[in-house]
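Inspection log for the structure reproduced underneath, given as structure tokens.
Bear in mind these aren't lab numbers, they're just calculated from the coordinates by the rules spelled out. Since this is a predicted model, take the numbers as computed values, not measurements. Ideal geometry is used to build each Cβ from the backbone, glycine not excepted, and the neighbour counts take in all protein chains shown.
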Amino acid sequence: MILRDGVSLCDSCLGRLFGMRGYGLTNEQRGRAIKTLLLMKAFSQTSKATDKELVTILAESGFEPAQTLARRLKLPFEERRCYLCNNICEKTGEIAKILAESLRGYEFETFQIGVRLPLPVISREERLWRLYGLTDAESLKNEISREVGKALQALMGRSYAVEKPEMLVILDFRELSLEHLQVELHPSPLYICGRYLKLARGLPQNPWPYPDGRIAYNTSIEELIVAPMVKFFEASGAKFHAAGREDIDARTLGSGRPFVVELKKPKMRLLNLEELEKIINENAGGLIEVHQLRYCSSESVKKYKSLAELAKKTYVARVRFAGPVNVEKLAELERTMSGVVVEQRTPLRVLHRRVNKLRRKLVYRVEAKQLSPVEVEFTIEAQGGLYIKEFIHGDEGRTKPSVADFLGVPVESIELDVVNIEEP
């Protein structure tokens with residue numbers, strides 16, 4: 001018998017050795033029931049034979065009825081710590097109170113508890129299972145996680161979640177004592193979706209550092225959106241994901257560009273997004289505007305990444321040519337370029353940082369409005385991923401067909417605006 005072999009176990013740890021047996025019982029109840037049966041076997045008032053050794057073993061394991069009997073029989077005993085858990089299973093309520101204090105100030109509805117135990121404790125437990133052929137045992141990690149979770153639920157009124165909890169709590173036992181317990185809090189990321197308008201040219205989407213660490217621009221779309229969000233939700237940081245990007249000198253107007261911000265370790269989760277929208281727009285000083293802010297999920301990140309290549313986008317480009325443009329040619333261009341497949345080699349301007357490959361993109365529609373003999377405003381509706389400027393000026397023959405080649409007039413300058421991005 002395990003207890004006779006000098007292995008002192010608390011009620012919970014004894015019950016855990018048979019944790020997969022029975023139904024509707026806690027491990028503590030199982031262990032107490034086993035000890036009760038053993039005590040009944042060890043002592044009977046109608047029998048003169050008392051198993052004093054077993055009574056003493058049960059008393060030393062902390063079983064109160066056995067301790068009472070041992071004192072009555074004048075059996076010396078000294079209560080021993082549990083061989084497996086060092087009696088930490090008796091302190092789940094105290095652990096829950098420590099957690100509740102640590103979680104003060106965090107907003108969350110669901111939680112999960114993870115447990116780290118010292119390797120010698122895990123080894124000792126597994127060795128015991130092997131030695132006695134225990135096939136119905138439950139691990140100490142599971143016991144602590146479940147029982148502390150139940151206690152924390154009662155204390156805080158939050159729900160334990162098996163999947164996708166809003167708060168993950170890690171109990172790190174460097175040693176099996178409250179004094180050596182370290183608590184790690186891992187709030188799940190919070191995702192905020194929306195659309196941004198870029199109202200000024202010369203503004204990059206993301207911070208643009210030089211190789212020496214200097215920043216090329218004072219700010220960026222990412223910084224203008226992310227910084228207020230991090231402060232608003234009391235997050236540790238954030239990651240910005242957008243459905244594609246516009247050139248630095250291009251604006252994004254109309255319905256705006258979809259984006260999602262992944263907030264890391266936020267303390268707050270349930271705040272007024274209309275108020276956040278107002279804060280971002282006021283702080284941006286007219287450089288950008290955000291709208292349609294809403295809570296979303298991690299799936300939005302994947303969606304917006306794919307959106308860059310799949311979404312239909314509409315652009316307005318004001319183009320100045322090196323010479324007069326033929327009006328009849330413009331009308332012919334509208335017919336010819338609408339529905340055409342454009343072949344593009346990676347543009348020369350980005351070739352230093354992107355792979356040189358051939359892309360085929362569809363142009364759905366081209367409209368041309370002549371503003372002067374040398375200026376034309378084009379409205380171009382195209383598949384995501386088409387380099388619009390290169391489609392217009394030809395990029396030294398790397399894009400075919402192109403507007404400049406078709407009209408037979410070189411391009412001097414292009415002012416580009418993104419006016420609509422459709423979500424598939």
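Numerical summary
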item: Degrees separating the helix 92-102 axis from the principal Cα axis of the chain, which is the longest one; result: 30
item: Order of 405, 51 - criterion: other Cβ atoms within 10 Å of each residue's Cβ, fewest first; result: 405, 51
item: All Cα pairs of region 311-421, percent lying beyond 17 Å; result: 50
item: Contact order normalised by residue count of region 216-315, Cα under 8 Å, 6+ apart, percent; result: 34
item: Sum of -39500 (n - 2.57) over DSSP H runs of 4+, divided by residues of the chain (222 nm, nearest 500); result: -10000 deg cm²/dmol
item: Under the Karplus curve 6.51 cos²θ - 1.76 cosθ + 1.60, θ = phi - 60°, whole-Hz ³J(HN,Hα) for region 274-285, x wherever Gly or Pro sits; result: 5, 5, 4, 4, 5, 4, 4, 5, 5, 6, 6, x
item: Convex hull projection area averaged over all views, region 88-187, Cα basis, nm²; result: 6.7
item: Value of Rg/Rh across region 3-72 [Cα atoms, Kirkwood radius]; result: 1.00
item: Loop trypsin sites (Lys or Arg not before Pro), region 123-198 (other Cβ atoms within 10 Å of the site Cβ: 13 or fewer; DSSP); result: 174
item: Lysines with Cα under 24 Å of residue 302, excluding same-chain neighbours fewer than 8 positions away; result: 164, 198, 239, 264, 265, 312, 313, 357, 361
item: Average Cα contact separation per residue, the chain, under 8 Å, 6 or more apart, as relative contact order %; result: 13
item: Neighbour-count ranking [beta-carbon atoms within 10 angstrom, fewest first] of 249, 395, 5; result: 5, 249, 395
item: Residue order, fewest to most surrounding Cβ atoms within 10 angstrom, among 85, 193, 296; result: 296, 193, 85
item: All-pairs Cα distance distribution in the chain, expressed in whole percent, bin size 20 Å; result: 20, 32, 21, 17, 8, 2, 0
item: Stretchable slack from residue 179 to residue 23, in nm (0.36 nm times residue separation minus alpha-carbon distance); result: 52.7 nm
